[in-house]
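Notes follow once the structure below has been shown.
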Amino acid sequence: MMKRIKLIWFTVLMLFAGPSVVTAQQTASDEAAEKIKAIQIQYLTKKLELTPEEAQKFLPVYNNYTKEVEQLIAEHRDKKDQDHLTPDEAGKKNMDKELNYQKRMLDIRSRYSTEFQKVLPGRKAGMVFKSEREFRNIMVIHLNNQRMNRMGQGGGPNKRRP
């Protein structure tokens, strides 16, 4: 139990010791995103059963990976003005943009798959993307449950009764 607490504490310290520094001017959504990232790091650390030494090597690489992925996603969301294009031209441009996005994402994941294998044993490196996907699924379910509870449809303790 004490070893697990130390590992979680170490993980949180590594997360905040990285280049992303929390400032007083952050918005509530930025703070929520940081909390989710910290929870994700804890989840991955536990799921991959990282030793403190492995975590120390893995987390900086993983943080670089997530920054690249987040930057690509932000670029992908950035929509350019297409008012001057015909519907067919806009459709082709959107398809090209989507394929380019997927190719760049695959390139990032392929490159970091190799990087993860350099800092983790093969079994653990092979579980990174799967564990990341599991965490996203858990978060989606959690957020959907929260939304349903706020709407009074969750059936949980927050549901109002007539």
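Ranking of Asp78, Asp88 by solvent-accessible surface, largest first: Asp88, Asp78 (1.4 Å probe, protein heavy atoms only, all chains present).
For Phe58, Phe129, give the ranking by accessible area with the largest first, probe 1.4 Å. Kindly include the intermediate steps, with their values, before the conclusion.
Working: Phe58 0, Phe129 35 Å².
Reading off the accessible areas and sorting them downward yields Phe129, Phe58.
Charge dipole of the range 75-146 (Cα centre as origin; +1 on each Lys and Arg Cβ, -1 on each Asp and Glu Cβ, all else neutral): 540 debye, rounded to the nearest 20. Heavy-atom surface analysis with a 1.4 Å probe gives the range 86-149 a carbon and sulfur content of 57 percent of its accessible area.
Rounded to the nearest 0.05, what FRET efficiency do Ala32 and Gln102 give with R0 = 41 Å and r taken as the Cβ-Cβ distance? Could you check? Mind dumping the intermediate values first?
Numbers: r = 28 Å, r/R0 = 0.67.
Calculated transfer efficiency: 0.90.
Compute the Cα gyration tensor for the range 79-143, then decide on rounded, prolate or oblate, letting a ≥ b ≥ c be the square roots of its eigenvalues: rounded whenever a/c is under 1.5, prolate when a/b is larger than b/c in the other cases, and oblate in all that remain.
Values: a/c = 4.71, a/b = 1.99, b/c = 2.37.
It comes out oblate by the Cα gyration axes.
Rolling a 1.4 Å probe across all protein chains gives His142 an accessible area of roughly 90 Å².
The values are calculated or read from the model by the stated rules, or taken from the named source; none is laboratory data. Predicted model only: the values in this text are computed from it and were never measured. Neighbour counts are summed over all protein chains in view; Cβ atoms, including those assigned to glycine, are modelled from backbone coordinates with ideal geometry. When the accessible area is computed, the model is the full protein with side chains, heavy atoms only, and any ligands, DNA or RNA have been set aside. Shrake-Rupley method; radii C 1.70, N 1.55, O 1.52, S 1.80 Å.
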